[in-house]
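The values are calculated or read from the model by the stated rules, or taken from the named source; none is laboratory data. Just so you know, these numbers come straight off a predicted model, no measurement behind them. Backbone-built Cβ (ideal geometry, glycine too); neighbour counts: all protein chains shown. Remember, those area values only see protein heavy atoms, side chains included, never the ligands or the DNA or RNA. Shrake-Rupley method; radii C 1.70, N 1.55, O 1.52, S 1.80 Å.
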Amino acid sequence: MTADEIGELLGPVAAGWPALGLTVYRGGWYAPNGDDPQQQVRVFHDHVMIGWTQEPHQCPGEREYRSVEYTDREGLMYGPPYPGGGLPADPIAAHRETQGGGLS
């Protein structure tokens, strides 16, 4: 996605992600709870998925950012919601924090 497309979908904070060297794709690999995978946005740094957004069930129409904390044996990724909600200005830093200081 281009910065303009990201900004239109997620807002001005996320529009800056490509300038950080991040690649952003629309469409998910997994649809928890029957969600539409096209509503997910995946965030990659150096070809590694570091986070994603999804629509929280309790707040339809909003976005929740999650940093990848771990990947299970089947390749499914899990992670906590970004603290305080919203989207991080720097998903790389958010991922490092989730990982305990180092990008995996």
- Which pairs do you get when a residue that is closer than 18 Å to Trp17 by Cβ and of a type in the set (Phe, Trp, Tyr), found in the stretch 69-93, comes within reach of a residue that is part of a strand (DSSP E or B) and open to solvent by less than 70 Å² (accessible area, probe 1.4 Å), reach meaning Cβ atoms under 6 angstrom, with the pair 6+ apart or on two chains? Tyr82/Tyr65
- Message: Could you check the stretch 9-35 and list, in sequence order, the residues that are in contact with a Phe, Trp or Tyr (Cβ under 8 Å, 6 or more places away or on another chain), open to solvent by 30 Å² or more (accessible area, probe 1.4 Å) and modelled with pLDDT of 95 or more?
- Response: Thr23
